[in-house]
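This report refers to the structure that appears directly beneath it.
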Amino acid sequence: DIIADLHPYIDSFHNWIAASEYLVVESELPVYSRFYKYGGTIDLVLQNPAVGLVLCDIKTGQVYPEHYLQLAAYAQAYEETTGNRVHSTIILQIRPEATVHESIVDWHSLIAPYIAAKVLYDWQRSK
C-alpha cells in the first residue's frame, strides 16, 4: 500500500517541524527569475522568529551537491519575485526509519556557481 509506505516519512517530518522553531508559511511555491530565466518550485517557505525566512527542500533519497545549487537558485528567484529576504536554506533529508538530517546552508555563496552551471548548460544545449 503506497499510502502506508508514506507514513514513516510523514511522521518523521511532523516530528521534525514540531521540535523545530519553524512555522510553515507556504508550500509548493512556484518561483521564476526573469533576470536569469529559470524557475522551479520551492517545497517549503519557513519562518523562524529568530532569523527570518528560510527555504526548505525536502529529499527522501540521496542528497547531491547539485541540490544545494538548486536551492540557492530558488532563494534568489524567491527574493527577486517577492522582494522578501531569505536568511538561509535547508535541505531536509527524511528517511523511513524516522531520522531526519538537516543541512543549513548560506545560499548566497552558491548562486554564482549555479549561474555558471546554467550558462554552461544553456551553451551546450545550443550546439
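The values are calculated or read from the model by the stated rules, or taken from the named source; none is laboratory data. This structure is a prediction, so every number in the text was calculated from the model and none was measured. Using ideal geometry, Cβ is built from the backbone for each residue, glycine included, and neighbour counts are taken over all protein chains shown. Keep in mind that these areas ignore ligands, DNA and RNA; they rest on the heavy atoms of the full protein, side chains included. Shrake-Rupley method; radii C 1.70, N 1.55, O 1.52, S 1.80 Å.
If we count GluC sites (Glu not before Pro) as exposed when they sit in a DSSP loop and have at most 16 other beta carbons within 10 Å, what is the longest stretch of the chain that avoids them all?
On the way: sites that count: E21, E97.
Formally, the longest exposed-site-free interval is 22-96.
How large is the accessible surface per residue of the chain, computed with a 1.4 Å probe and reported in Å² as a whole number?
Details: 7570 Å² over 127 residues.
So the chain comes to 60 Å² accessible per residue, rounded to a whole number.
Compute the acute angle (0 to 90°) between the alpha-carbon long axis of helix 111-126 and the principal axis of greatest extent of the alpha-carbon atoms of the chain; round to the nearest 10°.
In the chain, helix 111-126 runs at an angle near 60 degrees to the longest axis.
Once every DSSP H run of n ≥ 4 in the chain is given -39500 (n - 2.57) and the sum is divided by its residues, what mean residue ellipticity at 222 nm do you get, rounded to the nearest 500 deg cm²/dmol? Spell out each step's value before the answer.
Numbers: 3 runs with 52 residues, N = 127.
Dividing the helical sum by the residues of the chain leaves -14000 deg cm²/dmol.
Tell me the relative contact order for the chain as a rounded percent, counting alpha carbon contacts under 8 Å between residues six or more apart. Walk me through the numbers before you get to the answer.
Details: 202 pairs, mean separation 29.7, N = 127.
RCO, the chain: 23 percent.
For segment 25-98, what Kirkwood radius comes out of the mean inverse Cα-Cα distance, in Å? Kindly include the intermediate steps, with their values, before the conclusion.
Working: mean 1/r = 0.0788 Å⁻¹.
Answer for segment 25-98: a Kirkwood hydrodynamic radius of 12.7 Å.
In a GNM of the chain with a 10 Å cut-off on Cα contacts, which of I104, I17, I94 has the highest mean-square fluctuation?
Residue with maximal mean-square fluctuation among I104, I17, I94: I17.
In square nanometres and to one decimal, what's the mean projected area of the convex hull around the Cα atoms of the chain? Spell out each step's value before the answer.
Details: hull surface 36.1 nm².
That works out to 9.0 nm², a quarter of the Cα hull's surface.
Carbon-plus-sulfur fraction of the accessible area of segment 8-127, 1.4 Å probe, in percent? Kindly include the intermediate steps, with their values, before the conclusion.
Values: 3830 of 6880 Å².
On segment 8-127, the fraction of accessible area on carbon and sulfur atoms equals 56 percent.
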